[in-house]
Amino acid sequence: MTEAKILVIDDNTAVLSTLKIVLKSVFKTVVAVADPQLIPALISAGNVDAVLLDMNFGSDKLDGQDGLFWLDRIMNRSNLDNPPAVVMITAFGDVGLAVTSLKKGALDFIQKPWDNNDLVKKLHEAIAKRDALYAEKQRNPVAEEESVKEEAPSSLDEMEKLTIQRVLESSGRNLTTTAEKLGISRQTLYNKMKHHGII
């Protein structure tokens, strides 16, 4: 069992219960809540290692803005030298939102429906990356900041490529279906595939 504290935020009680069951067998402490308003209080002590954060709260909001708002609040807590690693939970095909969340400081994302082993692996990797970034920041704050700026475009580019490949395979390599699932035009999809060397 990993000595880590995970905070799970999702307003879907079924999803919340499932995630808690899956994660409690791997991580020492798992706190699962449905109300994102509790986030500031729950992370204020600085002892949360990772936050698994849904992109949408409320059935009428599907644009991901709530998730991005709370991601900003987590990353910009002035009293935390080392904010928790954030892994976003996105709906299938929300590659644009996922990329935006990575630009804003999330370390990874998981798509619904998720694979439990993949979810656990991503949380472990996010915590390790967060700890490594913090250690580097302690050694050389300026160099660490420049390093993150240089690495971000490459990792975002790779994330987009992997997401397109995954959706493409699940759609039987049908470009029209893939474009619809990703929420982009067929021409945009073609251009992105060409850019990533997928075709």
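Before moving on, here are some points about what is shown:
- Counting every other Cβ atom within 10 Å of each residue's Cβ, K161, K192 order from fewest to most as K161, K192.
- Counting beta carbons within 10 Å around each of V86, V95, V167 and listing the fewest first gives the order V167, V95, V86.
- For the cross-link pairs K104/K192; K28/K161; K104/K181, the ones whose C-alpha atoms lie over 30 Å apart are K28/K161.
- Given +1 at the Cβ of Lys and Arg, -1 at the Cβ of Asp and Glu and no other charges, the dipole of the chain around its Cα centre is 320 debye to the nearest 20.
- Shape of region 2-139, Cα gyration tensor, a/c cut at 1.5: rounded
- Computed over the chain, relative contact order equals 15 percent, with contacts defined as Cα pairs under 8 Å that lie 6+ residues apart.
Every read-out reported here was derived from the displayed coordinates using simple, explicitly stated rules and does not represent laboratory data. Just so it is clear, the structure is predicted and the values come from calculations on it, not from any experiment. Quick reminder, even Gly has a Cβ in these numbers, built from the backbone with ideal geometry, and neighbours come from all protein chains shown.
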